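Chemist: Dropping a structure here in structure tokens format, bear with me for questions.
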Amino acid sequence: MKRARCFLLRGHFWVGLLPWAWMLLFFALPFALILKVSLSTPELAVPPYVSPFVLEPGAALPHFRPDLASYRRLHDELRALGLAGADLQYLAAWGGSLLLAALTTLLCLVIGYPFAYHIARSREAARNTLLMLVMLPFWTSFLLRVYAWMSLLDSSELGLINRLLLAAGLVDAPLQLLYNRGAVLVGMVYSYLPFMVLPLYANLVKLDQRLLEAAADLGAQPWMTFLRVTLPLSRRGIVAGAMLVFIPAVGEFVIPDLLGGGDVLMIGRKIWDDFGPNQDWPMAAAVAVTMVLVLIVPIALLHRHGRANGNGAQR
Amino acid sequence: MSARARAGATAWLVVVYAFLYLPILCLVVFSFTAGEITTELDGLSLRWYAELLRDEELIAAVLLSLRVGAFAASAAVIVGSAAAFVLARCGRYPGSAAFAGMTTAPMVMPEVVIGLSLVLLFTHPVFAFLGGRGVAAIWAAHTTLCTAYVTVLVQSRLREMDRALEEAALDLGCAPLKVFFVITVPVIAPALVAGWLLAFTLSMDDFVLAAMLSDPGSTTLPVLVFARLHHGLKPEINALATVIVAVVSLAVVIANRLMLSAQKKRMAAARHAAGISPAGRSAVTLRDPDNRSEWIAHP
Amino acid sequence: MVQDSDSGSRPRRDYLRIEGVTRRFDDTLAVDGVSLAIAEREIFALLGSSGCGKTTLLRMLAGLEAPDAGRIVLDGEDLAAVPAYRRPTNMMFQSYALFPHLTVEQNVAFGLWQERPRLARAEVAARVAAMLELVQMQRYARRKPHELSGGQQQRVALARSLAKEPKLLLLDEPLAALDKKIRQRTQLELVNLIERVGVTCILVTHDQEEAMTMAGRIGVMNEGRLLQVGTPGEIYETPNCRFTAEFVGETNLFRGRVDGGALHCEDFPAPILLPADADPDDGGEAWLSVRPERVALSRAGAAPAGAGCNAAVGEVAEIAYLGSHSVYHVRLANGRIVIASVASAQWRDAAPPTWGDAVRVAWFAPDGVVLTR
């Protein structure tokens, strides 16, 4: 028996070695590199930065000479907040991102909650199909779904919505529908709605119908039953869904790039620009570090509530 | 529910499904135009589908994406199952919490951050042996991302599995390693298949990681589509979208059919053998056998 | 139920020896120095509430847990160094643990497939067929486990654990997953089957009725310790401690101080006469256990009981009518409840007492059992 246990322990060690090594190399190490590069100085080179670890001649160990310029820039913008004429591009991008992500989350919740609720309350035979129909767009190409909105919202008289409006005589000239915040919001809600609906559904479908009957039996009006029973019991689903929408929405880059105009600043786009056209990798890394720091709270929330939500599903 | 409430519920379902499907429907309809404009049905034709077949750049991108997807999904199933096994079976040990965090974090990190971090790795002079940016880098990035999803899927399946099954096999004279392949793997097989398919679609669909890690020789389908969207819209993209929607719908419908018939068989069997509770399967798993709602519900 | 009819040799008395086996989980002792000898072909039940260590003990016999101390010797072989997959023991799990991806016959064959040297295909098929016939499941050979009822699953699990002809059959709560009706019928079926096969068997259960129906001897466990070993009759009629007395069946327990052959108990109006063969220390604390069916109930006005009887008057507080008998809760003047189980036949001539009636409870001194721990 002792030998068998030893074997198992050894077996576990070897099984664990592969994922441990993989995650250290392709997740932990890259994150350490982000930290390092965020403390580096940009330079025209390949890669385009100078390491903060400087090996001086004669020294055995490299010196650590962090360049805080990237963080200082973010800090300066914070200090200049409220001053007229200050250049606040990063702060504005942050604000835009958080605002859009929050609006997206709210809209997804408002649309998705009754939607998920009614799916969960529909006939059992129909639920499967209804749920599959929510998943289906999610499995098709994300880019092409955004593209669909590009042709719907096109601002010329060729745009589908504009053509409808013109034909109906509601407007005289085509509306500027694309390349603004509204377009980005529509695209984000469209893309992220399944992320809200699925955890809500998973939660609501478990809701014991007898609880609602008990509440009604005790004299509660339907809306009171909803407020006092259904809503509190689905809290975990709401938090999980909201975080699953909010977190990727903050870092979203593709949708604002395709549907938003040049003035729709978002922080994901800022990272992309600094990384790509601007070749300022230390700045991109510093923004990424702040993004991780900002998102730690919602990620922790998701971890706590999402886990409980999932465990509930097994009970 | 009153008749009015029921009508309201149905109306809301119809409205939201319309919101989800009308844009896709438009894409499909206008893919059959004979003209050059993506929002006008200027005569019916399959012109753009023929164009699609002649588009060598696009076909190359599709093939590359399929290849990367298949390899990334396979690697993710291997790494993810191993990770799930460690998470579900090894209990607590020094570093176990860090490991749990690491394996699932790619699921909740914005892709831009993951992409940037991996670019820094692959361009770092010390890690030049990894080959720099290119197909291999995209494969590694997709594997890392998909591993998180596979881990969650397989882990929940492992936790759901009755440990007594493995003990029974041991008790009947099966050596531990053999138990894993003869009992554990077949029992969690549905999760492995679901994980592979999920990983494959994620990889096929990923733009951000692929774009950041691509070099001129490694244009995956999403990278190519993104570039084309910036160059101006052509109904060819509609045709491509229609093909993808058709393939995915077909696959999902077939999968659903298989799942439903399996479920029906199981229900009939359960009815036949009245008054029993087959061990350890919740109603939720029956309805949702590949835990689609579960992976999304608790990363 | 030690059998020695169909084979010539007498079964060995200590076929399985468990010597001082201990198992600790973190800081709780799950199994605490258990020693036990079990005869060949005996059916032995480990009885206790959940968490008493009985399942851990069973799992140590199967090799799924390792003891921290002690020895397990089966048929002269020390099992300490033998891993689970080489032990000549087979277990039927509480959840049955039928492999969901294998058919009934594949499940039964699974253990035979593991034999080294390999068994011939035909032999495996023949033994599987014989096993399925034994449990009358031939018709279901091609079914998957989830297509079976609970009772059928239980039979397949039994066939699977018997297929390898183990030296020791371990049953973990064999019938707990079944409905009550099926359970009672299955208990005897199972015993008959095990006796027919002639395998030594240890079963674990929390259900005293199951243990008493199925086993020849019972070991009562609590908090990791084996408290008493005996036949069902011995366990019920002469418990050796309060736990056994209260766990197996219902009882009236009186606590008091022993003085001059009587128990002085605050709960009872008079000193309680003790059975003559009991010999507790004078002045020591002791308990007296009296089973409800040993307590006689009569109307208070009837003639008082004779000598050698303990009696007290009270009023009926509760009655539970159970058909064959009724259980009366009688409240004495000091508030103490005495439980009496009265056969329905007793009230053939008169109306039975009802709530609030004054009644007398009485029992013969030899019907009590003195317990000192």
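Here's the yes/no breakdown for (1) modelled with pLDDT of 90 or more; (2) within 12 Å of chain A (Cβ to nearest Cβ):
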{"residue": "B:VAL182", "(1), (2)": "yes, no"}
{"residue": "B:PRO190", "(1), (2)": "no, no"}
{"residue": "B:ALA199", "(1), (2)": "yes, no"}
{"residue": "B:ALA211", "(1), (2)": "yes, yes"}
{"residue": "B:GLY217", "(1), (2)": "no, no"}
{"residue": "B:PHE226", "(1), (2)": "yes, yes"}
{"residue": "B:LEU229", "(1), (2)": "no, yes"}
{"residue": "B:GLY232", "(1), (2)": "no, yes"}
{"residue": "B:ALA239", "(1), (2)": "yes, yes"}
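Chemist: Is there a residue in the range B:266-289 that is at the interface with chain A (Cβ under 10 Å from one of its Cβ atoms), in contact with a Gly (Cβ under 7 Å, 6 or more places away or on another chain) and modelled with pLDDT under 85?
Modeler: Checked against the condition, which is being at the interface with chain A (Cβ under 10 Å from one of its Cβ atoms), in contact with a Gly (Cβ under 7 Å, 6 or more places away or on another chain) and modelled with pLDDT under 85, the range B:266-289 yields no hits at all.
Chemist: Specify which of the listed residues (C:ARG242, C:ARG336, C:ARG294) is buried (at least 16 other Cβ atoms within 10 Å of the Cβ) and closer than 30 Å to C:GLU42 by Cα. Let's see the steps before the verdict.
Modeler: Details: C:ARG336 fails: closer than 30 Å to C:GLU42 by Cα; C:ARG294 fails: closer than 30 Å to C:GLU42 by Cα.
Only one candidate qualifies: C:ARG242.
The rows are residues; the columns are (1) among the basic types (Lys, Arg); (2) within 21 Å of C:PRO88 (Cα to Cα).
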| residue | (1), (2) |
| --- | --- |
| C:TYR140 | no, no |
| C:ALA163 | no, yes |
| C:ASP172 | no, yes |
| C:ARG185 | yes, no |
| C:ARG196 | yes, yes |
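Chemist: Which of the residues belonging to the range A:122-152 are facing chain B (nearest Cβ under 7 Å), part of a helix (DSSP H, G or I) and without any contact (Cβ under 8 Å) to a residue 40 or more places away in the chain?
Modeler: A:ASN128, A:MET132, A:LEU133, A:LEU136, A:TRP139, A:LEU144, A:ALA148, A:SER151, A:LEU152
Chemist: Report yes if B:ALA148 is closer than 20 Å to B:ALA194 by Cβ, crowded, with 19+ Cβ neighbours inside 10 Å and either within 10 Å of chain A (Cβ to nearest Cβ) or of a type in the set (Gly, Ala, Ser) (or both), otherwise no. Spell out the reasoning first.
Modeler: Details: closer than 20 Å to B:ALA194 by Cβ: yes; crowded, with 19+ Cβ neighbours inside 10 Å: yes; either within 10 Å of chain A (Cβ to nearest Cβ) or of a type in the set (Gly, Ala, Ser) (or both): yes.
Judged against the criteria, B:ALA148 is a match.
Chemist: Follow-up. Condition test on A:SER97, is it in contact (Cβ under 8 Å) with a residue 24 or more places away in the chain, within 13 Å of another protein chain (Cβ to nearest Cβ), part of a helix (DSSP H, G or I) and not aliphatic (A, V, I, L, M)? Outline the logic, then answer.
Modeler: Values: in contact (Cβ under 8 Å) with a residue 24 or more places away in the chain: yes; within 13 Å of another protein chain (Cβ to nearest Cβ): yes; part of a helix (DSSP H, G or I): yes; not aliphatic (A, V, I, L, M): yes.
Spelling it out, A:SER97 is indeed in contact (Cβ under 8 Å) with a residue 24 or more places away in the chain, within 13 Å of another protein chain (Cβ to nearest Cβ), part of a helix (DSSP H, G or I) and not aliphatic (A, V, I, L, M).
Chemist: For the range B:156-170, check the following and say yes or no: at least one residue is buried (at least 22 other Cβ atoms within 10 Å of the Cβ) and at the interface with chain A (Cβ under 8 Å from one of its Cβ atoms).
Modeler: Checked against the condition, which is being buried (at least 22 other Cβ atoms within 10 Å of the Cβ) and at the interface with chain A (Cβ under 8 Å from one of its Cβ atoms), the range B:156-170 yields at least one hit.
Chemist: Which of the residues that make up the range C:107-145 are more than 9 Å from chain B (Cβ to nearest Cβ), closer than 20 Å to B:VAL179 by Cβ and either more than 33 Å from the chain's Cα centre (by Cα) or assigned to a loop (DSSP other than H, G, I, E, B) (or both)?
Modeler: Passing the criteria: C:ARG118, C:LEU119, C:VAL124.
Chemist: Being within 30 Å of A:ASP154 (Cβ to Cβ), touching a Gly at 6+ places or on another chain (Cβ under 8 Å) and either more than 9 Å from chain B (Cβ to nearest Cβ) or modelled with pLDDT under 90 (or both), is that true of even one residue in the range A:238-251? Let's see the steps before the verdict.
Modeler: Taking the range A:238-251 as the starting set, the residues that turn out to be within 30 Å of A:ASP154 (Cβ to Cβ) are A:245-246, A:248-251.
Within this subset, residues satisfying the condition of being touching a Gly at 6+ places or on another chain (Cβ under 8 Å) are A:250-251.
Still in the list and also either more than 9 Å from chain B (Cβ to nearest Cβ) or modelled with pLDDT under 90 (or both): A:251.
Yes - at least one qualifying residue is present in the range A:238-251.
Chemist: Can you confirm whether B:ALA61 is more than 13 Å from every other protein chain (Cβ to nearest Cβ) and closer than 17 Å to B:MET204 by Cα? Quick ask: steps written out before the conclusion?
Modeler: Details: more than 13 Å from every other protein chain (Cβ to nearest Cβ): no; closer than 17 Å to B:MET204 by Cα: yes.
No.
Chemist: Checking the structure you have, find out if any residue of the range C:52-63 is touching a strand residue (DSSP E or B) at 6+ places or on another chain (Cβ under 9 Å), outside any helix (DSSP H, G or I), of a type in the set (A, V, I, L, M, F, W, C) and in the same structural domain as C:PRO145 (by TED's automatic domain parsing).
Modeler: Filtering the range C:52-63 down to residues touching a strand residue (DSSP E or B) at 6+ places or on another chain (Cβ under 9 Å) leaves C:52-63.
Pick out the ones that are also outside any helix (DSSP H, G or I) and you get C:52-53, C:63.
Narrowing further to those that are of a type in the set (A, V, I, L, M, F, W, C): C:52.
Among the residues that remain, those that are also in the same structural domain as C:PRO145 (by TED's automatic domain parsing) are: C:52.
Within the range C:52-63, one or more residues are touching a strand residue (DSSP E or B) at 6+ places or on another chain (Cβ under 9 Å), outside any helix (DSSP H, G or I), of a type in the set (A, V, I, L, M, F, W, C) and in the same structural domain as C:PRO145 (by TED's automatic domain parsing).
Chemist: Within the range A:225-275, track down each residue that is in a helix (DSSP H, G or I) and of a type in the set (S, T, N, Q). Steps first, answer last, please.
Modeler: First pass over the range A:225-275, keeping only residues in a helix (DSSP H, G or I): A:225-233, A:235-251, A:254-259, A:267-275.
Scanning the range A:225-275 gives A:THR225, A:THR230.
Chemist: If you don't mind, there's one more thing I want to ask. For the range C:51-66, which residues satisfy the criterion of being within 8 Å of chain A (Cβ to nearest Cβ) and buried (at least 16 other Cβ atoms within 10 Å of the Cβ)? Break it down into steps so the answer makes sense when it comes.
Modeler: Restricting attention to the range C:51-66, the residues satisfying the condition of being within 8 Å of chain A (Cβ to nearest Cβ) are C:63, C:66.
Correct list: C:GLY63 only.
Chemist: Name the pairs whose Cβ atoms lie under 8 Å apart, with the first residue in the range A:1-22 and within 7 Å of chain B (Cβ to nearest Cβ) and closer than 22 Å to B:TYR149 by Cα, the second part of a helix (DSSP H, G or I) and at pLDDT below 85, and 6 or more positions between them or separate chains?
Modeler: The qualifying pairs are A:HIS12/B:ARG89.
Chemist: Output the residue which, of all residues in the range C:79-93 that are more than 7 Å from every other protein chain (Cβ to nearest Cβ) and in contact with a Pro (Cβ under 8 Å, 6 or more places away or on another chain), is farthest from B:GLY173 (Cα to Cα).
Modeler: Per the stated criteria, the residue is C:MET92.
Chemist: Residue under question is A:VAL289, and the condition is that it be out of contact with any His (no Cβ under 9 Å at 6 or more places or on another chain), crowded, with 17+ Cβ neighbours inside 10 Å, over 14 Å from A:LEU100 (Cα atoms) and among the β-branched types (Val, Ile, Thr); does it hold?
Modeler: Details: out of contact with any His (no Cβ under 9 Å at 6 or more places or on another chain): yes; crowded, with 17+ Cβ neighbours inside 10 Å: yes; over 14 Å from A:LEU100 (Cα atoms): yes; among the β-branched types (Val, Ile, Thr): yes.
Taking the combined requirement at face value, the residue satisfies it.
Chemist: Need the failing condition index for C:ALA69 against (1) over 13 Å from C:LEU168 (Cα atoms); (2) of a type in the set (Gly, Ala, Ser); (3) buried (at least 20 other Cβ atoms within 10 Å of the Cβ), just the number.
Modeler: (3)
Matching residues to (1) closer than 30 Å to B:LEU197 by Cβ; (2) in contact (Cβ under 8 Å) with a residue 60 or more places away in the chain; (3) assigned to a loop (DSSP other than H, G, I, E, B):
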{"site": "B:TRP12", "(1), (2), (3)": "no, no, no"}
{"site": "B:LEU25", "(1), (2), (3)": "yes, no, no"}
{"site": "B:GLU36", "(1), (2), (3)": "no, yes, yes"}
{"site": "B:LEU63", "(1), (2), (3)": "yes, no, no"}
{"site": "B:ALA72", "(1), (2), (3)": "yes, yes, no"}
{"site": "B:ALA98", "(1), (2), (3)": "yes, no, no"}
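Chemist: Also, I was wondering about something else. Determine if the range C:262-270 includes at least one residue that is closer than 25 Å to C:PHE243 by Cα and surrounded by fewer than 16 Cβ atoms within 10 Å (Cβ to Cβ). Spell out the reasoning first.
Modeler: Filtering the range C:262-270 down to residues closer than 25 Å to C:PHE243 by Cα leaves C:262-268.
This time we only want the ones that are surrounded by fewer than 16 Cβ atoms within 10 Å (Cβ to Cβ), so: C:264, C:266.
Yes.
Chemist: Within the bounds of the range C:167-177, is there any residue that is more than 23 Å from C:LYS54 (Cα to Cα) and within 14 Å of chain B (Cβ to nearest Cβ)?
Modeler: Residues of the range C:167-177 more than 23 Å from C:LYS54 (Cα to Cα): none.
No, the conditions are met nowhere in the range C:167-177.
Chemist: May I pose another question? Which residues, counting only those in the range C:291-331, are within 18 Å of C:GLY356 (Cα to Cα) and either part of a loop (DSSP other than H, G, I, E, B) or more than 33 Å from the chain's Cα centre (by Cα) (or both)?
Modeler: Restricting attention to the range C:291-331, the residues satisfying the condition of being within 18 Å of C:GLY356 (Cα to Cα) are C:296-302, C:312-321, C:326-331.
Across the range C:291-331, the qualifying residues are C:SER298, C:ARG299, C:ALA300, C:GLY301, C:ALA302, C:ALA312, C:VAL313, C:GLY314, C:GLU315.
The values are calculated or read from the model by the stated rules, or taken from the named source; none is laboratory data. All values reported here derive from a predicted model rather than from experimental measurement. We place every Cβ from the backbone using ideal geometry, glycine too, and count neighbours over all the protein chains shown.
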